[in-house]
Ligand SMILES: Nc1ncnc2c1ncn2[C@@H]1O[C@H](COP(=O)(O)OP(=O)(O)O)[C@@H](O)[C@H]1O
Ligand SMILES: CC(=O)OP(=O)(O)O
Ligand SMILES: [Mg+2]
């Protein structure tokens, strides 16, 4: 009997769930269905679903309040689809894999039991706005089916290879060590998927592949990959650092917040008994970024308005391009100019035709060149080439990154070790 994996990805603006079946640890899992609720930060939320001949795209669903609610809606939808015969009841799920953004010092996936759950809850103080949604979903899965094995996959794990000078902040080393204050980096499941698929496409071992990868979604980051390993990334202690995002400021002078509010350290209204969110965190994570500058978190809409001449939207697009180009330049130097490819991924990376063109034109001096035709209508493949090869220059790719597939693949490979002990 094939076993079912529910691969759950709670992002900052969406919950994406893929259903996989698998037979043995040595065969790749088969994707049966993909479902997502997007637009959690720009209501009404929208549902997309694909299974066999059913294809629902951006169907509006009112009254979805946060990630846990979105997950419940998704689970009901999957169970009610009678043509998805492999999944009729929550009990049918053998493994639920959960993307947990902050894994602290965890560098491998962990099976979630009471102990690890509490450890993950404690870590939520480092990333209060990110881990909470995923942990609420873990609890919902456990409640619906205590027999399912829940596994946490960490977005920070791919960056366990960051060299010490890169991950160290210039602060009191003892306080840094005591409180775990260092660069962790995120979007690691996506970067692992990108590294593997691009290396396969280039027919090179991952250990010989050098990339500058950009994961541009509601949260956006850049990653410098040398020999298949992360040697730098733009996010830091939390996903706030680096590039600006839908509601995040990205890098600002740390003292800026004290000029915005006199209550930076006070708890914000979004705090709960378990979750402590300061005004500073609330403002910089939730009340900044495109949303603060244009009133919408939808970068597609911002790009369209920018092209129509809206000055504020033009500024947002040019600002993002400016920050991305800064990271590409820095990472090009860190790779000694030996770059196989510049990779665009995430919702904006995949769909932002104009943004890709602007970025690649600005880094043309490093040997990258956009192919206007391929960029405007990229091939519908996991890795699509959108650059023109220049002598000595790197390629330009779009990768349809898939964090759920990355988790399911790793889950199957390690399934024996991750399964719950028989007596628990
Ligand atoms: N046509 C488009 N051009 C540029 N960006 C787009 C377009 N359509 C959607 N997007 C953006 O993609 C982002 C969502 O990306 P995604 O990676 O799915 O998000 P999440 O961070 O929730 O995983 C949203 O900010 C959305 O505005
Ligand atoms: C780490 C992070 O920012 O994730 P997302 O882009 O899904 O919000
Ligand atoms: Mg995402």
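Is it fair to say residue 130 is within 16 Å of ligand 3 (Cβ to nearest atom), outside the structural domain of residue 227 (by TED's automatic domain parsing) and assigned to a helix (DSSP H, G or I)? Steps first, please.
Details: within 16 Å of ligand 3 (Cβ to nearest atom): yes; outside the structural domain of residue 227 (by TED's automatic domain parsing): yes; assigned to a helix (DSSP H, G or I): yes.
So residue 130 passes the test.
I'd like the full set of residues that are in a loop (DSSP other than H, G, I, E, B) and surrounded by 17 or more Cβ atoms within 10 Å (Cβ to Cβ), limited to segment 150-178.
Going residue by residue through segment 150-178, those that are in a loop (DSSP other than H, G, I, E, B) are 155-156, 162-163, 168-172.
Answer for segment 150-178, where residues must be in a loop (DSSP other than H, G, I, E, B) and surrounded by 17 or more Cβ atoms within 10 Å (Cβ to Cβ): 155, 156, 162.
I want to confirm something. Restricting to segment 86-102 and keeping residues that are away from ligand 1 (no atom under 16 Å from the Cβ) and without any contact (Cβ under 8 Å) to a residue 60 or more places away in the chain, which single residue is surrounded by the most Cβ atoms within 10 Å (Cβ to Cβ)?
Per the criteria, the residue is 90.
Could you grab me the full set of residues in segment 4-21 that are away from ligand 2 (no atom under 16 Å from the Cβ) and under 27 Å from residue 131 (Cβ atoms)? Can you show your working first?
Within segment 4-21, the first condition is being away from ligand 2 (no atom under 16 Å from the Cβ), and the residues that meet it are 4-6, 19-21.
Correct list: 4, 5, 6, 19, 20.
Report whether or not residue 180 is farther than 23 Å from residue 383 by Cβ and within 15 Å of ligand 1 (Cβ to nearest atom). Please lay out each step first, then the result.
On the way: farther than 23 Å from residue 383 by Cβ: yes; within 15 Å of ligand 1 (Cβ to nearest atom): no.
No.
Mind counting the residues in segment 1-18 that are within 9 Å of ligand 1 (Cβ to nearest atom) and outside any strand (DSSP E or B)?
So the count comes out to 4.
What number of residues in segment 31-42 are at pLDDT below 95 and either more than 16 Å from ligand 2 (Cβ to nearest atom) or within 24 Å of residue 83 (Cα to Cα) (or both)?
Taking segment 31-42 first, the residues at pLDDT below 95 are 38-42.
Those left that are additionally either more than 16 Å from ligand 2 (Cβ to nearest atom) or within 24 Å of residue 83 (Cα to Cα) (or both): 38.
Here the count works out to 1.
Among the residues that make up segment 243-251, is at least one of them in a strand (DSSP E or B) and within 14 Å of ligand 1 (Cβ to nearest atom)?
Here is the first cut: in segment 243-251, the residues in a strand (DSSP E or B) are none.
No: zero hits.
Step by step: first the residues of segment 71-85, then only those that are touching a strand residue (DSSP E or B) at 6+ places or on another chain (Cβ under 8 Å) and without any contact (Cβ under 8 Å) to a residue 60 or more places away in the chain, then the one that is nearest to residue 15 (Cα to Cα). Which residue is that?
Filtering first and then ranking leaves 74.
I'm told residue 191 meets every condition in (1) modelled with pLDDT of 95 or more; (2) part of a loop (DSSP other than H, G, I, E, B); (3) crowded, with 21+ Cβ neighbours inside 10 Å except one. Can you identify the failing condition by its number?
(2)
For the condition within 20 Å of residue 105 (Cβ to Cβ), in the same structural domain as residue 332 (by TED's automatic domain parsing) and touching a strand residue (DSSP E or B) at 6+ places or on another chain (Cβ under 7 Å), what is the one hit in 231, 212, 225, 194?
Values: 212 fails: within 20 Å of residue 105 (Cβ to Cβ); 225 fails: within 20 Å of residue 105 (Cβ to Cβ); 194 fails: within 20 Å of residue 105 (Cβ to Cβ).
Exactly one residue qualifies, and that residue is 231.
Out of the residues in segment 201-222 that are free of Cβ contacts under 8 Å to residues at least 40 places away in the same chain and outside any loop (DSSP other than H, G, I, E, B), which is nearest to ligand 1 (Cβ to nearest atom)?
Narrowing segment 201-222 to residues free of Cβ contacts under 8 Å to residues at least 40 places away in the same chain: 203, 205-208, 221.
Pick out the ones that are also outside any loop (DSSP other than H, G, I, E, B) and you get 206-208, 221.
Working: 206: 23, 207: 27, 208: 28, 221: 10 Å.
Among them, the one singled out is 221.
Report yes if residue 53 is under 23 Å from the mean Cα position of the chain (by Cα) and either away from ligand 2 (no atom under 16 Å from the Cβ) or more than 27 Å from residue 147 (Cα to Cα) (or both), otherwise no.
Numbers: under 23 Å from the mean Cα position of the chain (by Cα): no; either away from ligand 2 (no atom under 16 Å from the Cβ) or more than 27 Å from residue 147 (Cα to Cα) (or both): yes.
In short, no.
For segment 293-303, give me each residue that is away from ligand 3 (no atom under 16 Å from the Cβ) and within 27 Å of residue 395 (Cα to Cα). Before you say what the answer is, go through the steps one by one.
Of the residues in segment 293-303, the ones away from ligand 3 (no atom under 16 Å from the Cβ) are 293-296, 301-303.
Selection gives 303 alone.
For segment 51-85, what are the residues that are surrounded by 15 or more Cβ atoms within 10 Å (Cβ to Cβ) and not in a helix (DSSP H, G or I)?
Answer for segment 51-85, where residues must be surrounded by 15 or more Cβ atoms within 10 Å (Cβ to Cβ) and not in a helix (DSSP H, G or I): 51, 61, 64, 81, 84.
For segment 329-416, which strands (runs of 3 or more DSSP E) that fit wholly inside it have 3 or more residues that are within 16 Å of ligand 3 (Cβ to nearest atom) and surrounded by 15 or more Cβ atoms within 10 Å (Cβ to Cβ)? Full working, then the answer.
Numbers: elements: 341-345, 383-385, 395-399.
It comes to 341-345.
Mind listing whichever residues of segment 223-239 are within 16 Å of ligand 1 (Cβ to nearest atom), more than 19 Å from residue 325 (Cβ to Cβ) and surrounded by 22 or more Cβ atoms within 10 Å (Cβ to Cβ)?
Within segment 223-239, just 239 meets the criteria.
Condition test on residue 58, is it more than 30 Å from residue 416 (Cα to Cα), more than 16 Å from ligand 3 (Cβ to nearest atom) and out of contact with any strand residue (DSSP E or B) (no Cβ under 9 Å at 6 or more places or on another chain)? Full working, then the answer.
Numbers: more than 30 Å from residue 416 (Cα to Cα): yes; more than 16 Å from ligand 3 (Cβ to nearest atom): yes; out of contact with any strand residue (DSSP E or B) (no Cβ under 9 Å at 6 or more places or on another chain): no.
So residue 58 does not fit the description; no.
The values are calculated or read from the model by the stated rules, or taken from the named source; none is laboratory data. In this text the structure is predicted, and so the values were computed from the model without any measurement. Cβ coordinates were reconstructed from backbone atoms using ideal geometry, including for glycine residues, and neighbour counts include every protein chain displayed.
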